[in-house]
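The values are calculated or read from the model by the stated rules, or taken from the named source; none is laboratory data. Treat the numbers as computed from the prediction; the structure is a model and nothing was measured. All Cβ positions, even for glycine, are placed from backbone atoms using ideal geometry, and neighbour counts span all protein chains on display. The accessibility values were calculated without ligands, DNA or RNA, using every heavy atom of the protein model including side chains. Shrake-Rupley method; radii C 1.70, N 1.55, O 1.52, S 1.80 Å.
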Amino acid sequence: MIHCAVNGSTCSKLFSYRHHYIVLGHTWCSKCKSIEIIHFSACANQSSNGKVLKETYSKKNLREDIDNGLYIIESDNFPKNEKEYDKAYARFKEKADEEKYCILNNNCEHLANYVLTGEHTSE
């Protein structure tokens, strides 16, 4: 699990933000040319304003994120062994399909930190 953040901006370009997500593994699926990520997805086509999902992430997505300023976030508190990764994935499963996005107290950074550490925090 790799904690990533990428620079973004709103449609109105009035302010910028960093979208946080977790890359599951680092090996590309040769058949589908993608990997999977965990994040609070922007669900413009749904009635909610975000949903915790595991989604496909393509090489095109990666190139776009690199162009927009991709960050890899590291912490001594992140999982280091299989048992810790299993606990982290269980925390994701607990949050899967949640639609309670709030920019102040339940955003994509909160999700990434909760999954990886068990602590629901955002700077």
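Between residues in region 61-76 that are among the small types (Gly, Ala, Ser) and residues that are at pLDDT 90 or above and part of a helix (DSSP H, G or I), which pairs lie under 8 Å by C-beta distance while being six or more apart or on different chains?
Qualifying pairs under 8 Å: Ser75/Leu116; Ser75/Thr117.
Are any residues in region 59-83 more than 23 Å from Lys33 (Cβ to Cβ) and exposed (fewer than 15 other Cβ atoms within 10 Å of the Cβ), and if so, which ones?
Gly69, Tyr71, Glu74, Ser75, Asp76, Asn77, Lys80, Asn81, Glu82, Lys83
To keep it simple, each residue is scored yes or no on (1) among the aliphatic types (A, V, I, L, M); (2) at pLDDT 95 or above.
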site: Tyr71; (1), (2): no, no
site: Lys83; (1), (2): no, yes
site: Lys87; (1), (2): no, yes
site: Glu99; (1), (2): no, no
site: Cys102; (1), (2): no, no
site: Asn105; (1), (2): no, no
site: Leu111; (1), (2): yes, yes
site: Val115; (1), (2): yes, yes
site: Glu119; (1), (2): no, yes
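Would you check which residues across region 84-114 are closer than 22 Å to Gly8 by Cα, of a type in the set (A, V, I, L, M, F, W, C) and surrounded by 15 or more Cβ atoms within 10 Å (Cβ to Cβ) and list them?
Cys108, Leu111, Ala112, listed by residue number.
So, in region 40-58, exactly how many residues are at pLDDT 85 or above, within 23 Å of Ile103 (Cα to Cα) and open to solvent by 20 Å² or more (accessible area, probe 1.4 Å)?
Counting residues in region 40-58 that are at pLDDT 85 or above, within 23 Å of Ile103 (Cα to Cα) and open to solvent by 20 Å² or more (accessible area, probe 1.4 Å) gives 4.
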